[in-house]
1. Order of Thr119, Thr109 from fewest to most other C-beta atoms within 10 Å?
2. For a footprinting-style exposure proxy, rank Met41, Met177, Met166 by other Cβ within 10 Å, fewest first.
3. Which of the aspartates and glutamates could be linked to Lys62 by a straight reach, that is with a Cα gap under 20 Å, when you skip same-chain ones fewer than 8 residues away?
4. Would you mind pulling out the separation of the Cα centroids of segment 89-133 and segment 180-204, in Å?
5. Within a 10 angstrom radius of the beta carbon, how do Arg82, Arg142 rank from fewest other beta carbons to most?
6. How far is it, in nm, from the label point at Met166 to the one at Glu137 when both lie 7 Å from their Cα along the line to the Cβ?
7. For the pair Lys199/Asp90, report the inter-label distance in nm, with labels modelled 7 Å from Cα in the Cβ direction.
Amino acid sequence: MGSQAGLLRKPVGQSLLAAGTGACKRREMGHLKRTIALVGMMGAGKSSIGRRIAARLEVPFKDADAEIEAAAGCSINDIFERYGEPAFRDGERKVIARLLSEPPHVLATGGGAFIDEATRERIKRDAISIWISVPAEVLISRVARRDTRPLLKNGDPAEIIQRLLMEREPIYAEADMKVDSEDGPHSAAVDRIVAVLEKKGFVE
């Protein structure tokens, strides 16, 4: 008991503090060479995964849809209803171009952004594109929990998801990387993405 009490009375971490080692300081990741643009279907978890990657690499995170809403002063649903999809895509194109001109960060794009040819070419030129690929049944389960997806309002969501996947997957496949993600914790996808980025030298 005497030795245990002595341990309890000992100033914990005193030697670390005295040495000035900064033992609890966050690990420095260096800097990101190019913006990481996450692409893929609605419900793929791009925003959630993107925030985690940004936190891991200690860089800013940007959500293209949130930036579009901030610029327009209304929701994406309102933009679709008032002005139609072409007007939304035009605004999306401009916002993503602006974001890609900023210092490197992690950018989550909307499901249709990479499908737009001009936006896709801009992402290819100025970013590292990563396709977050998720099985159709997982996407359907996720989007069923929300009614904020304008493209799913005019028909059966499951059928629309299946159709969009068939149309979009060949285009998503043009991304620099593909990462498969299931209906579970996003930490596994984050680990794989960060490991590949470090291996390929995109993070110094």
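Every read-out reported here was derived from the displayed coordinates using simple, explicitly stated rules and does not represent laboratory data. Remember, predicted model here, so these are calculated numbers, not experimental data. Cβ atoms come from the backbone with ideal geometry, glycine included; neighbour counts cover every protein chain shown.
1. Values: Thr119 25, Thr109 28.
Starting with the residue having the fewest Cβ neighbours, the order is Thr119, Thr109.
2. Numbers: Met41 25, Met177 17, Met166 10.
With the fewest neighbours first, Met41, Met177, Met166 line up as Met166, Met177, Met41.
3. Here the aspartates and glutamates satisfying the reach criterion relative to Lys62 are Asp90, Glu92, Glu102, Asp116, Glu121, Asp126, Asp176, Asp191.
4. Taking the Cα centre of each part, segment 89-133 and segment 180-204 sit 19 Å apart.
5. On the way: Arg82 11, Arg142 17.
Going from sparsest to densest Cβ surroundings: Arg82, Arg142.
6. The modelled label-to-label distance comes out at 1.9 nm.
7. Rounded to a tenth, the inter-label distance reads 4.4 nm.
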